[in-house]
Amino acid sequence: MHTLVKTNLARRDLYRCDRCKQKTLECMAPKCRHMARHGEYWDDNLCAEHDGIIASVGKLAHTLDDIGDCKKIFARDSPDYIELVRKGAKVAGSRALMPFAPVAVAGVTSALEATSSFVGGIKHFDIRKINPGSKHGVIFVNGFLTEMNQDVGDWMSQLRPAFAGHTWYHLDWESGRAQSVGKHLSVIDNPWHASMIKARFAGEMLAIAIARTPGWTFTLMGHSLGARVIFHALMSLSHKSQRWVEDVYLLGGAVGGGAKDQADWSRAIKSARGHIYNCHSKRDGVLKNLYRGANGWLSEPIGLSPIQARDLRIRNVDCTDLVGDHLAWKPNFSEIHRRLHA
């Protein structure tokens, strides 16, 4: 419930949420009865549902018996106005700025994606059950090189020795394609940038799905940008008092782990009951050249070198002798796992 605090003539009336005591205003979306946030310097025009922050106000309390049913909590009940604005900007840019449309539209779209909310910022997100088992789920997440490849045989062949009996899942998300990345290396339209933003969205959605699945624990495994997805999931879950995640395995991770990232990793490990295993190789050419170049040589990926963190539960594993390129991580995972737990 929201209590009226102040009536305005030229602006929206001001309310206060009876539960959280924050000031609110009526959402400006037609026929919407939800409330938008009041800020010290500006007010939100839309409620969280129409702004894309959440899929549905009515589903906020919904829980899942199986995380594979996560689409139930992410299905929208109303239009995402931010997405509509983004589409409109693309159309307007292509018509009014034809000679410069590729750059102009990419710039507008990147700006909107960078500021939009995660539920509205990613079109495809699904957690597919691959193998039934216990109420401990193993979720593996691929990176940008494999968006169009839904074959999970590489993961399954590596998981059987150590994770038999558990339930396996694959997280499908908009990770991007290798052929697109290879063609675009400019700062404006490099698919790496869009994929890194979507990795944050996907990670936050993964965190929501995990927290909405009571009675389960999870092991998380990520390759390339999949490791970035997991990093953002851990960051989001670090605000929770409960711990659902056991161990985390990051293979050739496309996420920073240098000195400037220490505080973030110290926060991320709080979400795990066990360890974060960072598997890195000096021979990963994609991370050495493409990732570094796309980030202006300002970020050192964890897939190339150790995470610089003081927490002993973050274990760095040098796999340079086993992994010679970015696509060699998953075929060698069972051997890497044996090394970790020998």
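The values are calculated or read from the model by the stated rules, or taken from the named source; none is laboratory data. This one's a predicted model, so the numbers in the text were calculated from it and none came from an experiment. With ideal geometry, Cβ positions are generated from the backbone for all residues, glycine too; neighbour counts draw on all protein chains shown.
Data table
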| read-out | value |
| --- | --- |
| Tabulated pairs, segment 255-275, first over 14 Å from PRO301 (Cβ atoms), second surrounded by fewer than 15 Cβ atoms within 10 Å (Cβ to Cβ) and hydrophobic (A, V, I, L, M, F, W, C), C-beta under 8 angstrom, 6+ apart or interchain | none |
| Checking ARG243 against (1) in a helix (DSSP H, G or I); (2) surrounded by fewer than 24 Cβ atoms within 10 Å (Cβ to Cβ); (3) at pLDDT 95 or above, the condition it does not meet | (1) |
| Residue match in segment 111-132 (condition: surrounded by 13 or more Cβ atoms within 10 Å (Cβ to Cβ), among the acidic types (Asp, Glu) and modelled with pLDDT of 90 or more) | yes |
| Pair list, Cβ under 9 Å, 6 or more apart: segment 62-83 residue modelled with pLDDT under 70, other residue of a type in the set (Ser, Thr, Tyr) and in a loop (DSSP other than H, G, I, E, B) | ASP77/SER56; SER78/SER56; ASP80/SER116; ASP80/SER117; ILE82/SER116; ILE82/SER117; GLU83/SER116 |
| Pick from segment 248-292, criterion part of a helix (DSSP H, G or I) and either of a type in the set (Asp, Glu) or not assigned by TED's automatic domain parsing to the domain that holds GLY143 (or both), ranking: farthest from LEU237 (Cα to Cα) | ASP261 |
| Any chance ARG228 is in the same structural domain as LEU159 (by TED's automatic domain parsing), within 15 Å of GLY203 (Cα to Cα) and not in a strand (DSSP E or B) | yes |
| Within segment 246-262, tally of residues that are of a type outside the set (Val, Ile, Thr) and crowded, with 23+ Cβ neighbours inside 10 Å | 7 |
| Considering residues of segment 133-153 that are in contact with a strand residue (DSSP E or B) (Cβ under 6 Å, 6 or more places away or on another chain) and over 18 Å from MET205 (Cα atoms) only, the residue modelled with the lowest pLDDT | VAL152 |
| Subset of segment 203-225 [of a type in the set (Gly, Ala, Ser) and in a strand (DSSP E or B)] | GLY222 |
| Candidate set from segment 290-329 (those that are of a type outside the set (Val, Ile, Thr), buried (at least 21 other Cβ atoms within 10 Å of the Cβ) and in contact with a strand residue (DSSP E or B) (Cβ under 7 Å, 6 or more places away or on another chain)); member that is modelled with the lowest pLDDT | TYR291 |
| Output for segment 1-29, where each listed residue is more than 21 Å from HIS50 (Cα to Cα) and hydroxyl-bearing (Ser, Thr, Tyr) | THR3, THR7 |
| Residue in segment 260-280 that is in contact with a Phe, Trp or Tyr (Cβ under 8 Å, 6 or more places away or on another chain) and closer than 16 Å to TRP192 by Cα present | no |
| Test result for ALA259, out of contact with any helix residue (DSSP H, G or I) (no Cβ under 9 Å at 6 or more places or on another chain), modelled with pLDDT under 95 and farther than 19 Å from THR63 by Cα | yes |
